[in-house]
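These notes concern the structure reproduced below.
The values are calculated or read from the model by the stated rules, or taken from the named source; none is laboratory data. Source: prediction; values computed, not measured. Reconstructed Cβ throughout: ideal geometry from the backbone, glycine too, with neighbour counts over all protein chains shown. Side chains are part of the model used for accessible areas, which takes the heavy atoms of the whole protein and leaves out ligands, DNA and RNA. Shrake-Rupley method; radii C 1.70, N 1.55, O 1.52, S 1.80 Å.
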Amino acid sequence: MTGTDPTARRVLHPPAGYRLAPSVRALTFSPYDPCARIVAGALWWATRTPAGPATLALRPADGDLLAEGWGPGAEWVVERADAVAGLRDDLGAFADLAAAHPLVDRLAREHHGLRMPATGLVFPRVLRAVFEQKVTGKEAYRAYAATVRHFAEPAPGPVRLLLPPEPAAVAATPYWVFHPFGVEQRRADTLRRAAAVADRLERCADAAEATRRLTAVAGIGPWTAAEVVRVAYGDPDAVSVGDYHVPNTVAWALAGEPRGDDARMLALLEPFRGHRGRVCVLLEAAGIQAPKYGPRAPIRSFARY
């Protein structure tokens, strides 16, 4: 941990109505995320950058947004702070598209201060997305947090955060090390394969190239790729095909149908092409859920496998 004085600082000027916490909440994995947290309305985010480890703080200040960075990568994160905050998010023609459905039109207006962040970093999101594959949220968070704490590299800055693990270290870790964290061999091997090609993943020019490279990794499909590029590139069109809940949510919200498959979801989202993922984000922000039937998915343990 370095001193309390930031290495780099920048003042950002968000548009009227901008809301920091809802915009950057996608960067945190529960309020107890060891790498990122929102405290008193400010974001603290620890990451690895091409220039080295860094911690970024984003704080509201008299209508502006103060960005401060610590560590060797401080200049990098502060230069990109507007993207991390979602201020490069181009709503463009979305208002016209949203008008195609009364609910989407209303949510677009009610949540006009919500922006989609773009971190510019792929592997930290891969780490989370792979752990979220086909398990409950609690299982995914436990695996993620336990993995981060296993590698346990402190982040720079005045707040006690940990850095996401170094991809090379993950790639070199045997799959069975992840078992006590609740991760079976399939997901552990997927993560290790992605970590081995992390350098190539980070060099992708855009979300489309990143999606192609991600889905070329065994164990990573459209769902995982969409979860990654939505945050790493701020892709407003990324739809999590294969999700357990999202097709039902879309079918219920847009057509009043309590259940829907991926094909139905994509058909309903087609009028919003270019911003299909944004529609899903708005539905989540509004707390809209399809009616629930049946028992909850059980939480499993792989610790003794």
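Any idea which of Ala225, Ala207, Ala196 is without any contact (Cβ under 8 Å) to a residue 40 or more places away in the chain, assigned by the TED database to the domain that holds Ala168 and under 25 Å from Arg88 (Cβ atoms)?
After ruling out the rest, the residue left standing is Ala207.
So is Leu161 assigned by the TED database to the domain that holds Val130, touching a helix residue (DSSP H, G or I) at 6+ places or on another chain (Cβ under 8 Å) and touching a residue at least 60 places away in the same chain (Cβ under 8 Å) or not?
Taking the combined requirement at face value, the residue does not satisfy it.
What pairs come up if the first residue lies in the stretch 166-180 and is in the same structural domain as Ala152 (by the TED database) and in contact (Cβ under 8 Å) with a residue 60 or more places away in the chain, the second is among the aromatic types (Phe, Trp, Tyr) and in a helix (DSSP H, G or I), and their beta carbons are under 8 Å apart, counting only those six or more places apart or on different chains?
Taking only residues 6 or more apart or on different chains, the pairs are Glu166/Phe151.
Is it the case, given these coordinates, that Leu65 is open to solvent by less than 60 Å² (accessible area, probe 1.4 Å), within 26 Å of Tyr141 (Cα to Cα) and of a type in the set (A, V, I, L, M)?
no
I need the full set of residues from the stretch 71-111 which are acidic (Asp, Glu) and either under 16 Å from Pro271 (Cα atoms) or open to solvent by less than 60 Å² (accessible area, probe 1.4 Å) (or both), in order please.
Asp82, Asp89, Asp96, Asp105, listed by residue number.
Considering Val231, Val279, which residue is buried (at least 18 other Cβ atoms within 10 Å of the Cβ) and touching a Phe, Trp or Tyr at 6+ places or on another chain (Cβ under 6 Å)?
Val279
Could you tell me whether the stretch 232-246 includes any residue that is touching a Lys or Arg at 6+ places or on another chain (Cβ under 9 Å), assigned to a helix (DSSP H, G or I) and touching a residue at least 40 places away in the same chain (Cβ under 8 Å)?
Yes, some residue in the stretch 232-246 is touching a Lys or Arg at 6+ places or on another chain (Cβ under 9 Å), assigned to a helix (DSSP H, G or I) and touching a residue at least 40 places away in the same chain (Cβ under 8 Å).
On the given criteria, is Ala218 more than 17 Å from the chain's Cα centre (by Cα), surrounded by fewer than 14 Cβ atoms within 10 Å (Cβ to Cβ) and closer than 19 Å to Gln133 by Cα?
Yes: the conditions hold for Ala218.
Mind listing whichever residues of the stretch 23-80 are under 14 Å from the mean Cα position of the chain (by Cα) and part of a helix (DSSP H, G or I)?
Answer for the stretch 23-80, where residues must be under 14 Å from the mean Cα position of the chain (by Cα) and part of a helix (DSSP H, G or I): Ser23, Val24, Arg25, Ala26, Leu27.
Looking at the structure I just gave you, is Trp70 touching a Pro at 6+ places or on another chain (Cβ under 7 Å) and farther than 27 Å from Leu91 by Cβ?
Yes: the conditions hold for Trp70.
Only helices (runs of 4 or more DSSP H) wholly contained in the stretch 90-145 count here; list those with 3 or more residues that are modelled with pLDDT of 95 or more and farther than 18 Å from Asp189 by Cα.
Per the criteria, 94-98, 102-110.
Considering each of Pro60, Pro34, Pro50, Pro22 in turn, give the residue that is in contact (Cβ under 8 Å) with a residue 24 or more places away in the chain, within 27 Å of Glu153 (Cβ to Cβ), surrounded by 14 or more Cβ atoms within 10 Å (Cβ to Cβ) and not assigned by the TED database to the domain that holds Val159.
Pro34
Considering (1) modelled with pLDDT of 95 or more; (2) open to solvent by less than 50 Å² (accessible area, probe 1.4 Å), say which one Glu257 fails and leave the rest.
Condition not satisfied by Glu257: (2).
Within the stretch 73-94, identify whether any single residue is under 25 Å from Val229 (Cβ atoms), of a type outside the set (Asp, Glu), in contact with a His (Cβ under 7 Å, 6 or more places away or on another chain) and outside the structural domain of Ala169 (by the TED database), and answer yes or no.
Yes, the stretch 73-94 contains a residue that is under 25 Å from Val229 (Cβ atoms), of a type outside the set (Asp, Glu), in contact with a His (Cβ under 7 Å, 6 or more places away or on another chain) and outside the structural domain of Ala169 (by the TED database).
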